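Data first, discussion second: the structure below is written as structure tokens.
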Amino acid sequence: MTRKEQWKKALWLYLYFAKVGCYTFGGGWSIIAQMQKDFVAKRGWTTDEELLDKISVGRSVPGTMISNVTLLFCYSQAGIPGAILGVLGIITAPVIILSILTFCYTRFRDNIYVARALVGVRAAVVPIMVVSMKSMIKSAFPYKLCYGVTLLGFVLCTFTSMSNALVVVLGGVCGLAIMRWIDASKPTAKTGKEG
């Protein structure tokens, strides 16, 4: 990709994320669902597995999850210009909206119509997130042992005081162990010929 093509794609990514940044409700999960639909299913720019990897890293490092995921995705598509413009795009609408709301906060805070509208918006985000999860679940759980890792992570997060960062690290260690065990249990080419 030439530098001109890189900047052209970076500008397209800015406009795309500026548009979807207008509905960053539900902690950005609605945008993840839109990214899965647009970049995995429609354009084929990435796979469910790669998007899940970016989500895992984005949730594991400091900062907002959706900005981190946007940075990682846009960097993979258009390098540093893509990363910078993608993040600027995803934060444009929220910064403008929050700036306006900051000045008008006292008027909106007790407005019953605003409160009711937000209840509806939050409820509408749930099915969007569910559809995204449904399409990516096969990639997230390629082996039955992955369900056990998820259950273990849930138990550790819910019933112990263990740090979430440590739970993520343990999940990574479990993933390495699962892949090593699966690789070791596969028949080698030599064994396959003899059998």
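The values are calculated or read from the model by the stated rules, or taken from the named source; none is laboratory data. Bear in mind that the values here come from a model prediction, so they are computed numbers and not experimental data. The accessibility values were calculated without ligands, DNA or RNA, using every heavy atom of the protein model including side chains. Shrake-Rupley method; radii C 1.70, N 1.55, O 1.52, S 1.80 Å.
If you build a Gaussian network model of the chain, linking Cα atoms that sit under 10 Å apart, which residue out of Ala117, Ala140, Ala184 swings the most?
Ala184
Tilt of helix 164-185 relative to the longest C-alpha principal axis of the chain, in degrees (0 to 90, nearest 10)?
The answer is roughly 30 degrees.
Across segment 34-45, in residue order, what do the Karplus-derived ³J(HN,Hα) couplings come to in whole Hz, using 6.51 cos²θ - 1.76 cosθ + 1.60 with θ = phi - 60° and x for Gly and Pro?
5, 4, 4, 5, 7, 9, 9, 6, 8, 9, x, 6
In Å², and per residue, what accessible area does the chain have when probed at 1.4 Å with the other protein chains present? Please report the intermediate quantities before stating the final value.
Details: 13150 Å² over 195 residues.
Averaged over the residues of the chain, the accessible area is 67 Å².
Multiply the residue gap between Leu145 and Ser56 by 0.36 nm, knock off their C-alpha separation, and tell me the result in nm, one decimal place.
Details: separation 89, 0.36 × 89 = 32.04 nm, distance 1.80 nm.
Contour length minus the Cα-Cα distance gives 30.2 nm.
Evaluate the Kirkwood expression for the hydrodynamic radius of segment 141-195, namely the inverse of the mean inverse distance over all pairs of different C-alpha atoms, and round to one decimal in Å. Mind showing how you got there, number by number?
Numbers: mean 1/r = 0.0775 Å⁻¹.
Roughly 12.9 Å, rounded to one decimal.
Would you mind getting the Kirkwood hydrodynamic radius of the chain from its Cα pairs, rounded to one decimal in Å? Could you put the intermediate results ahead of the total?
Values: mean 1/r = 0.0516 Å⁻¹.
Roughly 19.4 Å, rounded to one decimal.
Over segment 141-195, what percent of the accessible surface lies on carbon and sulfur atoms, probe 1.4 Å? Walk me through the numbers on the way to the answer.
On the way: 3130 of 4460 Å².
So the carbon and sulfur contribution to the accessible surface is 70 percent.
Over the chain, what is the relative contact order in percent, taking alpha-carbon pairs closer than 8 angstrom and at least six residues apart?
25
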